[in-house]
Amino acid sequence: EYGTIKIHLAKLIAERKISKNKLCHLAQLQRTQVNNYCNNRITRLDTDVLARICTVLECEIGDLLEFEPPDSTK
């Protein structure tokens, strides 16, 4: 276990008071993509998608992604 990357897109969308539909339109993303990012169902991050999301939501990559280290008690 090397830890995981958590995606905080759902939280950012709520904080920015923007709908998923509007994000999809402005970032030119598929609704399925946005839902997968919101639900942490992404196995490979696409840097182009991340750049689009950060641009539209006016956030830093650190606002969107968080590294969760492995549990040291294991």
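Numerical summary
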read-out	value
Unmet criterion (only one of (1) over 30 Å from Pro69 (Cβ atoms); (2) in a helix (DSSP H, G or I)) for Lys11	(1)
Residues satisfying the stated conditions in segment 33-43, i.e. open to solvent by less than 90 Å² (accessible area, probe 1.4 Å) and either within 12 Å of Val56 (Cβ to Cβ) or not aromatic (Phe, Trp, Tyr) (or both)	Gln33, Val34, Asn35, Asn36, Cys38, Asn39, Asn40, Ile42
Thr55 exposed (fewer than 15 other Cβ atoms within 10 Å of the Cβ), touching a residue at least 12 places away in the same chain (Cβ under 8 Å) and among the hydroxyl-bearing types (Ser, Thr, Tyr)	yes
Selection within segment 58-74 - open to solvent by less than 70 Å² (accessible area, probe 1.4 Å) and either touching a strand residue (DSSP E or B) at 6+ places or on another chain (Cβ under 7 Å) or in a loop (DSSP other than H, G, I, E, B) (or both)	Cys59, Leu64, Leu65, Pro70
Checking Glu1 against (1) in contact (Cβ under 8 Å) with a residue 40 or more places away in the chain; (2) surrounded by 12 or more Cβ atoms within 10 Å (Cβ to Cβ), the condition it does not meet	(2)
Selected residue (criterion: farthest from Glu66 (Cα to Cα)) from residues of segment 17-48 that are hydroxyl-bearing (Ser, Thr, Tyr) and assigned to a helix (DSSP H, G or I)	Thr32
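The values are calculated or read from the model by the stated rules, or taken from the named source; none is laboratory data. These numbers were taken from a predicted model, which means no experiment stands behind them. Using ideal geometry, Cβ is built from the backbone for each residue, glycine included, and neighbour counts are taken over all protein chains shown. Surface accessibility is based on the protein's heavy atoms, side chains included, excluding ligands, DNA and RNA. Shrake-Rupley method; radii C 1.70, N 1.55, O 1.52, S 1.80 Å.
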